[in-house]
Amino acid sequence: MTEKRYDAVVFDLLTALLDSWSLWNAVAGSQGAGLRWRRRYLQLTYQAGIYSPYEGLVARAARDCGMDVDLAGELVRRWDELPPWPETYAVVAALARRVPLGIVTNCSQRLGLLAAGRAGGPFAAVVTAESVGYYKPRPETYRAVLDALNADPARVLFVAGSAADVPGARGAGMPVYWHNRIGLKPLEGAADFTETSLHRLLELV
């Protein structure tokens, strides 16, 4: 029997497992507006470090883009519409039969648990920025999920969705699979694997 390469897999949630871009675009009214709004929100969370209410950052991002701040409330109300990527359920279910799975996500506890329910499972650990007190890519967020799984970071494959998760997870000692579905530009450093879908995970884990 071949020795396992990894003891666990940890996922970013809102980009790696779910097509959150589509919901932001729908709430914003167009793809262009949704992308501007989401990118500004990502900038704010990366700069924030210490957790402040997620919904407030989403509203601030809308305001900074010249959009109605009430869109943040609509996004939250429609959170249970977040669609998984087409292969998410099958890949997650197959991996869960092999190793424990975890999630670490930049949102509130309530929204994180709702979104995790949209991604299949089962997940052994779901860690949110609110539960830790910090937003990714602060190292505390990644360490929290590693602690929850009681896992050696070198033996945990992190599945990134956003560009900042690549150096963030690598800085915590994890090898990184970047699910770069929409062609985001890298920030710094390279992922161990870069793919446009989740399918290759079934070959690696």
Q: Determine if region 147-162 includes at least one residue that is β-branched (V, I, T) and more than 23 Å from W21 (Cβ to Cβ).
A: yes
Q: Might you let me know whether region 50-70 holds any residue that is outside any helix (DSSP H, G or I), in contact with a strand residue (DSSP E or B) (Cβ under 8 Å, 6 or more places away or on another chain), loosely packed, with under 15 Cβ neighbours inside 10 Å and not assigned by TED's automatic domain parsing to the domain that holds L113?
A: yes
Q: Kindly indicate which of L111, L95 is at pLDDT 95 or above and in contact with a Phe, Trp or Tyr (Cβ under 6 Å, 6 or more places away or on another chain).
A: L111
Q | Total residues in region 150-187, condition farther than 19 Å from E140 by Cβ and of a type in the set (D, E, K, R) | A | 3
Q.
Looking at region 64-80, I want the residues that are under 18 Å from N106 (Cα atoms) and have a partner that is outside any helix (DSSP H, G or I) with Cβ atoms under 8 Å, at least 6 apart or on another chain. Which pairs are those?
A. D80/R118
Q. Are there any pairs, at least 6 apart or on different chains, whose C-beta atoms fall under 9 Å, with the first in region 138-166 and closer than 16 Å to I103 by Cβ and the second in a helix (DSSP H, G or I) and of a type in the set (S, T, N, Q), and if so, which?
A. A144/S131; G161/S20
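The values are calculated or read from the model by the stated rules, or taken from the named source; none is laboratory data. Everything numeric in this text was worked out from a predicted model, so none of it was measured. Note that each Cβ is placed from the backbone with ideal geometry, even for glycine, and that neighbours are counted across all protein chains shown.
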